[in-house]
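Quick notes on the structure that follows.
Taken together, the values in this text are just the output of simple stated rules run on the coordinates, not laboratory data. Computed from a predicted model, the values in this text were never measured in an experiment. Don't worry about glycine lacking a Cβ; one is built from the backbone with ideal geometry, like all the others, and counts go over all protein chains shown.
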């Protein structure tokens, strides 16, 4: 019996070690593309930033795909949006804007864990645990992104950056909104470009539990200070998906449905309209982002 116990404990510890190593390996693989970028997307060293206290640091995190995939932030649809890149070196009062590209696309739960969630009831899903005794909800990409973002912000704070804003597209935008509700004192605001998570609107109707994953982990919504950019024909996230934020005085909505910019299939159709060069250069509504930042700083 004692030998059996030792063997089970050995397996238990090795499963944990494997899970941790996989996370660290995935993170190392994508983190090599992290960096401060200029308006063309070129990386430059931190030594080029002289006065961190007079800097507005916008940390941009990209969208995501399936839970079992690694999301690379240098794929075309995950690159920093031109509307955000164009803010590089802009001045707001005495502050200078800089942009940081943060790759957060580690794999989420395994297919087996996802199947386990799917087969469970809504009440039980909230308490389901993995082999490490950790809630399965904490294995989702949404939750892991928050973990990675927090670690990076803590690093920047220790380096002297004081004025931080999160920005992102799709899942990255959703994480930016969620982070502000959980850690309101770590960042000044959040910019969501078609923010959302959990698949298409149809997915969430067919598989209601994705809605639970999508909304899991939000903090106090009254802490949310954000600008949310939407489109009526976005098949992933329509304006109705943001009803939970509608009555919040510090949340500003910008609807691109009347925009003359054309959707691009390579950027997700209407879900990626705010990622187009056209939006950044020609649509006057893109100026709402800088106005939002001016209200904060």
*Among 103, 261, what is the fewest-to-most ranking by other Cβ atoms within 10 Å?*
261, 103
*Which option, [x] 16.8; [y] 15.3; [z] 20.6, is the value of mean projected area of the Cα convex hull in nm² that was calculated from these coordinates?*
[x]
*For 174, 207, 77, what's the fewest-to-most ordering of other Cβ within 10 Å of each Cβ?*
207, 77, 174
*Taking 0.36 nm per residue of separation and subtracting the Cα-Cα distance, what length does fully extending residue 147 through residue 40 add?*
35.7 nm
*Mind giving me the FRET efficiency for residue 281 and residue 92? R0 is 22 Å, r the Cβ-Cβ distance, nearest 0.05 is fine.*
0.65
*Would you mind ranking 292, 60 by Cβ crowding within 10 Å, fewest neighbours first?*
292, 60
*asked:* On C-alpha positions alone, give me the angle between the axis of helix 2-31 and the longest principal axis of the chain, in degrees, nearest 10.
replied: 20
*Principal-axis tilt of helix 171-182 within the chain, Cα atoms, nearest 10 degrees*: 80
*Distance between Cα centroids, region 130-175 to region 197-219: provide it in whole Å.*
19
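Among 61-71, 106-116, what's the highest-first ranking by average C-beta atoms within 10 angstrom per residue? Working shown, then result.
Values: 61-71: 20.5, 106-116: 17.0.
Top of the packing list down: 61-71, 106-116.
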*Mind giving me the nanometre distance, one decimal, between the label points for residue 290 and residue 29, set 7 Å out from Cα along Cα→Cβ?*
4.0
_Peptides ranked, highest mean first, by Cβ atoms within 10 Å: ranges 192-204, 118-130, 156-168, 85-97_ = 192-204, 156-168, 85-97, 118-130
_Could you order the peptides 226-234, 181-189 from most to least packed, using the average number of other C-beta atoms within 10 Å per residue?_
226-234, 181-189
